[in-house]
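Participant: Here it is, the structure in full.
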């Protein structure tokens with residue numbers, strides 16, 4: 001499945017390679033790729049259909065590029081957990097600083113206000129991050145293995161993105177504006193001719209919804225989906241119930257770079273014989289470019305210096 005984390009040596013201290021856990025990640029794959037046309041019908045393709053196909057080709061290419069770009073941007077993640085979908089106030093709030101570190105993502109826990117909970121604890125987390133960046137910048141077999149595992153996972157995700165070309169039918173429903181930009185609104189329905197090739201792609205047959213595409217940039221701006229039928233997971237040991245809902249909004253966080261700014265999950269289901277209910281609202285803010293590990297290492301050392309610590313050396 002798409003939810004995974006890999007403790008590559010020093011990676012154990014909060015350095016994970018993905019963003020969501022099961023069951024959230026099982027459907028989060030739909031938050032990235034839902035922007036592809038179904039397979040063409042045998043009838044002659046009209047000019048309008050050709051233009052639509054070209055649009056979705058650009059959207060898919062942009063989705064892949066955005067995911068690559070995300071590996072070089074830090075951001076603040078604020079997750080609010082609610083008791084129910086209608087609960088106005090969060091039962092708990094978790095804030096983390098997500099820092100890209102080559103094949104992994106470092107997670108530094110912050111206070112609910114987005115500040116370091118303590119100077120000592122924050123410094124310790126930065127020092128662990130620094131040591132990992134030093135390690136991952138080396139050209140050893142362990143580092144190559146770490147990058148290879150991350151690249152295999154990325155390929156799996158890109159393959160799923162490509163598979164949506166055949167999994168869904170998209171119909172232009174209308175246009176609307178958001179912050180002065182024109183969005184194209186498409187209804188997304190499972191393609192009855194599509195034959196899933198794996199348990200992951202079977203999910204495509206159980207979801208419908210709406211996507212919004214920024215007309216000027218051909219970027220996915222929003223996706224809103226609902227589970228139409230119960231979905232069995234983990235060899236039928238878990239199930240997500242019909243009516244579960246997910247949504248993601250994406251904005252331009254840097255020139256030409258579109259990334260998630262808000263996600264919402266309202267899932268109900270069971271794991272083994274125990275029911276579960278997940279209602280989360282996640283906000284992403286403060287995107288900042290940090291670059292590859294060698295450049296990120298200098299940023300971390302500069303921050304440690306300002307905290308009065310002596311950055312370690314390779």
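Participant: What is the Cα coordinate range of the range 159-226 on the first, second and third principal axes, sorted by size from largest, in whole angstrom?
Facilitator: The principal-axis extents, from largest down, are 40, 21, 17 Å.
Participant: Restricting attention to the alpha-carbon atoms of the range 116-172, what are Rg (one decimal) and Dmax (integer), both in Å?
Facilitator: 19.4, 54
Participant: Take the Cα radius of gyration of the range 182-314 and divide it by 2.2 N^0.38 Å, with N its residue count; two decimals is plenty.
Facilitator: Dividing the Cα radius of gyration by 2.2 N^0.38 Å gives 1.46.
Quick note: the coordinates plus some simple rules give every number you see, no bench work behind them. Computed from a predicted structure; not experimentally measured.
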